[in-house]
Amino acid sequence: MISLDDFASDKLTALEATGLRRTLQVTHRLANGQSLRGDRELISFCCNDYLGLSHHENVISAAEAALGKYGAGSGASRLITGNHPLIDELEGRLARLKGTEDACVFSSGYLTNIGVIPTFIGEEDIIFADELSHACLRAGSDLSRAKIHYFRHNDMAHLDALLRLHRASHPHAMILTDGIFSMDGDLAPLDELAQFAADHDCWLMTDDAHGIGVVGGGRGSGFEFDPVPVIPLQMGTLSKAIGSFGGYVCASRPVIDLIKTRARSLIFTTSLPPASAAAALSALDIIENEPEYCALPLKKAALFCARLNLPAPTSPIVPIIVGDSRRVMDCAAKLEEQGFLVTGIRPPTVAEGTARLRFTFSATHRDTGILKLADAVRGLDILP
Ligand SMILES: *Cc1c(COP(=O)(O)O)cnc(C)c1O
């Protein structure tokens, strides 16, 4: 017999040895992209709050007002307690931003993906997913119990080959991809993916967690293309550029109606607190009305890349691949000593041998801080 404690300790020792043990650090996130760890103020380059909206005064007052009026929690699932009017309003606004008939708000992006995919895809069906798709697209795919084929990252020839080989033997099929890839920052070829989906009778679903608010004029990755490709399922999160909490999917009315009837992670979990919906609504006002502000994170990333002679970025996410997990943690520690908070990203978040520093840029970063960061990164001797 092995005790639960011994089991956990043995696992942790093995993870520690390969630089893969993870720990939580108490950190206060301040306004203006700064973070407080212990008594040290650091400039954070690892946060997804791309527009600084989690600390925007309008967003905070909208949340405070909702908190006072409606209370802290939401009481139960949306289908039990009744649908909060703020969530109803938020769904209308998200649908308008994406140009779809309707939307459904979930309690997180993760819950959205694990609820939506199995609503449409079952055991007999097939999924084609980019190999760098986010963990929760994978989790949703696994839950559907369908056959899953991963195509090489953004490799349309590989997708084409897989479609020709496997599509015909299954009744329904989905193609899944991130719009902006979370750990690489690049954009999926959504125009080509939409064409493949049409040609092979597949439903295309995009995860735009890192697109909304920062690319496509703030409307997300699909709007980087002209014409805007047909994407029947567009999901995203309210927790990154929108600065609040929650997830959503935008689609046609019948598709949303089926999700509201069948998605288990909507039905069997407590709904988003009203204050989070109010904060998201206020953030959407800013995103809809201030496209120049939405363009700032990418401009900041471009400044960093230009300083280091890296290729121009397509999103505010800039990875520098280091390879070894222990080395990447060592680089992150060195940057922290110099006043920069940059988290090392290791397997299994990224593939074995591709541990990296992942820099994310925010509209609130000052150019001087970015240039100092670039100089510190040059000192690490990790540039390609
Ligand atoms: C963060 C993220 C999610 C999950 O969203 P949450 O609202 O944080 O649960 C989903 N997909 C991608 C690509 C993400 O980066």
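The values are calculated or read from the model by the stated rules, or taken from the named source; none is laboratory data. Note that this is a predicted model, so its numbers are computed, not measured. With ideal geometry, Cβ positions are generated from the backbone for all residues, glycine too; neighbour counts draw on all protein chains shown.
List of remarks:
- Among the residues of the range 166-205, those identified as within 16 Å of the ligand (Cβ to nearest atom) and more than 11 Å from the chain's Cα centre (by Cα) are M174, I175, L176, T177, D184, D186, L187, A188, L190, L193, L204, M205.
- Screening the range 1-32 for residues that are of a type in the set (S, T, Y) and without any contact (Cβ under 8 Å) to a residue 40 or more places away in the chain and picking the one that is nearest to Y50 (Cα to Cα) gives T23.
- Selection count where residues are touching a strand residue (DSSP E or B) at 6+ places or on another chain (Cβ under 9 Å) and not in a helix (DSSP H, G or I), scope the range 300-317: 6
- The residue that is nearest to G52 (Cα to Cα), counting only those in the range 232-243 that are in contact with a strand residue (DSSP E or B) (Cβ under 9 Å, 6 or more places away or on another chain) and more than 9 Å from the ligand (Cβ to nearest atom), is I242.
- Summed over the range 264-299, the residues that are assigned to a loop (DSSP other than H, G, I, E, B) and either among the acidic types (D, E) or buried (at least 23 other Cβ atoms within 10 Å of the Cβ) (or both) give a count of 4.
- Odd one out for S54 among (1) among the polar types (S, T, N, Q); (2) modelled with pLDDT of 95 or more; (3) farther than 19 Å from L341 by Cα: (3)
- Hey, S3 hydroxyl-bearing (S, T, Y), modelled with pLDDT of 95 or more and either out of contact with any helix residue (DSSP H, G or I) (no Cβ under 7 Å at 6 or more places or on another chain) or more than 30 Å from S239 (Cα to Cα) (or both) or not: yes
- Filtering the range 171-187 to residues that are more than 30 Å from T343 (Cβ to Cβ) and buried (at least 18 other Cβ atoms within 10 Å of the Cβ) leaves A173, M174, I175.
- If the condition is being assigned to a strand (DSSP E or B) and of a type outside the set (S, T, N, Q), then the range 15-52 contributes H28, R29, L36, R37, R40, E41, L42, I43.
- Near pairs, Cβ below 6 angstrom, 6+ apart or cross-chain, from the range 363-384 (within 18 Å of C46 (Cα to Cα)) to any residue that is small (G, A, S): A363/G52; T364/G33; T364/G52; H365/G33
- Within the range 322-329, not a single residue is outside any helix (DSSP H, G or I) and within 20 Å of the chain's Cα centre (by Cα).
- Candidates T206, T269, filtered to the one that is in contact with a strand residue (DSSP E or B) (Cβ under 9 Å, 6 or more places away or on another chain), within 17 Å of S315 (Cα to Cα) and not small (G, A, S): T206
- Filter result (in contact with a Leu (Cβ under 7 Å, 6 or more places away or on another chain) and either within 16 Å of A241 (Cα to Cα) or within 15 Å of the ligand (Cβ to nearest atom) (or both)) within the range 88-103: L90, R93, L97, A103
- Among the residues of the range 206-223, the one identified as more than 16 Å from the ligand (Cβ to nearest atom) and of a type in the set (D, E, K, R) is R219.
- Every pair of residues 6+ apart whose Cβ atoms lie under 7 Å, when the first sits in the range 298-309 and is of a type in the set (G, A, S) while the second is in a helix (DSSP H, G or I): none
- Residue that is surrounded by the fewest Cβ atoms within 10 Å (Cβ to Cβ) [pool: residues in the range 308-340 that are of a type outside the set (A, V, I, L, M) and closer than 12 Å to F361 by Cβ]: P313
- Residue in the range 353-362 that is under 24 Å from L53 (Cβ atoms), of a type in the set (A, V, I, L, M) and touching a Pro at 6+ places or on another chain (Cβ under 9 Å) present: no
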